[in-house]
1. Taking the Cα atoms only, what angle lies between the long axis of helix 69-79 and the longest principal axis of the chain, rounded to 10 degrees?
2. For 120, 22, 32, which order do you get if you count the other beta carbons within 10 Å of each Cβ and list the fewest first?
3. Below 8 Å, C-alpha to C-alpha, sequence gap of six or more: please give me the relative contact order for the chain in percent.
4. When the Cα centres of region 43-66 and region 1-34 are compared, how far apart do they sit, in Å?
5. Take the chain, connect every pair of alpha-carbon atoms lying under 10 Å apart with a spring to form a Gaussian network, then pick out the residue of 82, 111, 36 with the largest mean-square fluctuation.
6. Given Cβ point charges of +1 (Lys, Arg) and -1 (Asp, Glu) and nothing else, what value in debye, to the nearest 20, does the dipole of region 1-40 about its Cα centre take?
7. Given axes a ≥ b ≥ c from the Cα gyration tensor, I'd like to know whether region 45-112 is rounded (a/c under 1.5), prolate (a/b larger than b/c) or oblate.
8. Of 29/88; 8/42; 42/66, which ones are farther than 20 Å apart at the Cα?
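Every read-out reported here was derived from the displayed coordinates using simple, explicitly stated rules and does not represent laboratory data. As the structure is a computational prediction, the values presented were derived from the model and not from experiment. Positions of Cβ are backbone-derived with ideal geometry, glycine not excepted, and every protein chain shown enters the neighbour counts.
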Amino acid sequence: MLLFDWSKVYDSAKGNINHCNIIMEMIIKNTIPRNRFDPTYKYSNINFIGSNFLLHPDVLVFNAYKYTQRELAIYYALASLRNIAQYKATKKIILDLDFCPVELDTLTDNRLLRITNDAIHFIYEEVTKENLH
């Protein structure tokens, strides 16, 4: 499980989704910048730990090449709206539609999300060891 603070990621990237994704990849892979010209250099001294969570961020980053920058950023942003206390108590990894701040029409083309009648499902949060092979 990865704990992060999406609002700090978003603010540090000044809303640029490409930079948000660079920061998230840096956090997930736990990498350090190669030199001061590395795009992660200016974010490397910021603590991005928070109460937002991803269960299988490594699988998401491994498959990130299949998705657009926008799809990835929306995935991170919506995942950050889930309640970690509720997850720890019930293992609930979905986001109820009541807590979605955007119109569902804007999310239907996101291949990383599956929308049902009452919830948003995150496809890489439902990964099991059997599905990895």
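1. That works out to roughly 60 degrees.
2. On the way: 120 22, 22 18, 32 10.
In increasing order of surrounding Cβ atoms, one gets 32, 22, 120.
3. Once divided by the residue count of the chain, the mean separation gives 24 percent.
4. 7 Å
5. With Cα springs under 10 Å in the chain, the top fluctuation among 82, 111, 36 is at 36.
6. 120 debye
7. Values: a/c = 1.64, a/b = 1.10, b/c = 1.49.
Judged from the Cα gyration tensor, region 45-112 comes out oblate (a/c at least 1.5, b/c at or above a/b).
8. 29/88; 42/66
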